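Each reported figure results from applying straightforward, stated rules to the coordinates on display, with no laboratory input. All values reported here derive from a predicted model rather than from experimental measurement. Using ideal geometry, Cβ is built from the backbone for each residue, glycine included, and neighbour counts are taken over all protein chains shown.
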Amino acid sequence: MDIDIKKIKEKVLRDNFIIRHLVFIFGVFLLAINYNLFLLPNNFVTGGTGGLAIIFKTLFSWNPALFLGITSILLLILSFLLLGYKDTKNSIIGSLLYPVMVSITAPLANLILKYLNFDTTIIPVVIAGLLYGTANGLIFKMGFNTGGSDILMKIVNKYAHIQEGKAILVINILIMIGGAFVFGPTKFIYALIILILNTTMVDRILTGISNSKLFIIYTKKEQEVQNYIINDLKSGVTIFKATGGYSKEKGDVLMCVVPNRDYYLFKETVLEIDPNAFFVINDCYEVEGGVKRTNLPFI
């Protein structure tokens, strides 16, 4: 019987509807408060329509929230016309909510700013980067976005046939260069630091922190290594049948997950059992099902 993937996806989204939207709203709130507390007052142009709003505020005294609201509506209309409803629907809520949240949090940010005094600019840069990444990570993880340059990215991808990653990079870099002309190269460097921190935080939130390692092991002493994993490590192990691409030699490959704290001991023990063992080690972010050691950190 064929599996109806569409119905499964709809059920997943429906079952997590309230949590997804609450986390998403909190993420937009963080994004907006960070914008009003750190990006806007310090003229950190990190790309996107938020960066353009900072530039236009300085050059023409335009209200940032109003600018964000107008550009969001215009980009949504453009997205409907060029991309269609299917590729636009996930951007609608975020595109409209973000400018509203920027407007709502502005008075709160003005109150807090009176008590924020830093001895060096690098402190607000780091805080801005961490908050920026946390907010974006929460928004992306819930399956939403806040429109803006994300819509432009999709349009450029579709009509200029440029990969989405490259498209968003080009768009943001151009906006940041515009910010460098207005505010100077130092602000450009600060903006780069914020973007690096943002990317790091988004990755951590989306994939989690690697607290274990995935070992894929080929050894002539397969039974001894297997016994060590099961009896000493108290963990499960999966066995694959494999054939060497060069030697054409058939054998078994073992796969198991090991906590980071046991990484060194496990690796060295396997090499003591079989000095010629060959293994590949990768970061492991999440494990579901199977036989797992009860004191693994991700249980």
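For the reader, a short list of remarks on this structure follows.
- In this rough spin-label picture, where each label sits 7 Å from Cα along the Cβ direction, the Phe240-Lys7 distance is 3.3 nm.
- For Phe279, Phe44, Phe215, the sequence from fewest to most other C-beta atoms within 10 Å is Phe279, Phe215, Phe44.
- With Cα atoms, 0 to 90° folded angle of helix 164-183 axis to the chain main axis: 40
- Base-10 log of normalised Debye intensity for the chain (one unit scatterer per alpha-carbon) at q = 0.07, 0.09, 0.11, 0.13 Å⁻¹: -0.41, -0.63, -0.82, -0.96
- Positive-end residue, the chain charge dipole about Cα centroid, Cβ charges, pick of Ile77, Ile92, Val258: Ile77
- Backbone amide hydrogens, once placed in the peptide plane, bring Ser212 within less than 5 Å of Asn260, Cys284, excluding anything fewer than 5 places away on its chain.
- Angle of helix 48-60 to the longest C-alpha principal axis of the chain, folded into 0 to 90 degrees and rounded to 10: 20°.
- Contour minus Cα-Cα distance for Phe60 and Asp252 (0.36 nm per residue): 62.3 nm
- Considering only Phe26, Gly245, Leu214, the residue lying farthest towards the positive end of the dipole of the chain is Phe26, judged by Cα position with unit charges set on Cβ.
- FRET efficiency, 1/(1 + (r/R0)^6) with R0 30 Å, evaluated for Asn282 and Ile122 via beta carbons: 0.35
- Simple point charges give the picture: +1 on the Cβ of Lys and Arg, -1 on the Cβ of Asp and Glu, and for the chain a dipole about the Cα centre of about 660 debye.
- Entry note, the chain: relative contact order of 19 percent, from Cα contacts under 8 Å with a spacing of 6+ residues.
- Stretch gain in nm, segment Glu268-Ile70, where the contour uses 0.36 nm per residue and the Cα spacing is subtracted: 65.2 nm
- Rule-of-thumb Rg ratio for the stretch 125-217 [Cα; 2.2 N^0.38 Å; N residues]: 1.28
- Measuring how big the stretch 212-284 is from its alpha-carbon positions, Rg and Dmax come out at 11.8, 36 Å.
- Sites Lys86 and Lys166 - FRET efficiency at Förster radius 30 Å, r taken between beta-carbons, to 0.05: 0.85
- Normalising by residue count, the stretch 63-136 has a Cα convex hull of 109 Å³ per residue.
- Extension gain from Ile19 to Ile189, taking 0.36 nm per residue of separation minus the Cα-Cα distance: 57.5 nm
- Per-residue ³J(HN,Hα) for the stretch 265-282, Karplus 6.51 cos²θ - 1.76 cosθ + 1.60, θ = phi - 60°, Hz, x for Gly and Pro: 4, 5, 4, 5, 5, 4, 5, 5, 5, 9, x, 9, 4, 10, 9, 10, 10, 10
- Taking the Cα centre of the stretch 212-284 as reference, the dipole from Cβ charges on Lys and Arg (+1) and Asp and Glu (-1) amounts to some 200 debye.
- When each of the peptides 27-36, 65-74, 84-93 is scored by the mean number of other C-beta atoms lying within 10 Å of its residues, the order from highest to lowest reads 27-36, 65-74, 84-93.
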